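The values are calculated or read from the model by the stated rules, or taken from the named source; none is laboratory data. Quick caveat, the model's predicted, so the values are computed rather than measured. Here the Cβ positions follow ideal geometry from the backbone for every residue, glycine too, while neighbour counts run over all protein chains shown. Remember, those area values only see protein heavy atoms, side chains included, never the ligands or the DNA or RNA. Shrake-Rupley method; radii C 1.70, N 1.55, O 1.52, S 1.80 Å.
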Amino acid sequence: MQLLELTPAEIAFLAAPPAPRDGLQPRLTRKLAATLSARLRLPVRATARPASGHVDAPRAPVWRPDDALANLWLTRRLGGRRVTEAASFVPATFVRTLDAVLAECWLDAPAQGEVPRTLAWHITGGPVPAALALQLPPSSTDMTRWAREVIRHG
């Protein structure tokens, strides 16, 4: 079987330098929106926003969904359609899902240098706007170790 010669367009594509990688927050924002849309079975949009407040240095990532988002997750995952009251807790399944999303994003392209300390998002798509924040450990080595552990046991 004889191979065909590459076209000039194919040669240019293969010779082009790799596209620059997005930072952690843009990749994670896209993946969060896609995952939440799929799991909640409704279109969800995540928009990055500035994180605020003093942050301690956690040993592992810490998710901070607001009550509206936790309640939306709980209601939709249990088959409900209307969100009425605030959830009094954050379901463990929600945190495990968020951990898996973060671990995959991190291992796809670990951040070089210093890890951002906090990330935050405005979430729309449910009946009430919601917010989600994330605190990260300061060390990229700790993040990589954590992400591998999440993937290994997920």
So for segment 41-58 (the condition being modelled with pLDDT of 85 or more and hydroxyl-bearing (Ser, Thr, Tyr)), does at least one residue qualify? yes
Among the residues of segment 28-75, which ones are open to solvent by 60 Å² or more (accessible area, probe 1.4 Å), farther than 16 Å from residue 98 by Cβ and in contact (Cβ under 8 Å) with a residue 60 or more places away in the chain? 43, 45, 49, 50, 52, 53, 56, 57, 59
I'd like the full set of residues that are in contact (Cβ under 8 Å) with a residue 12 or more places away in the chain and more than 13 Å from residue 57 (Cβ to Cβ), limited to segment 133-148. 133, 134, 140, 144, 146, 147, 148
I need the full set of residues from segment 97-154 which are open to solvent by 30 Å² or more (accessible area, probe 1.4 Å), out of contact with any Lys or Arg (no Cβ under 8 Å at 6 or more places or on another chain) and not in a helix (DSSP H, G or I), in order please. 110, 112, 113, 114, 116, 117, 118, 128, 129, 139
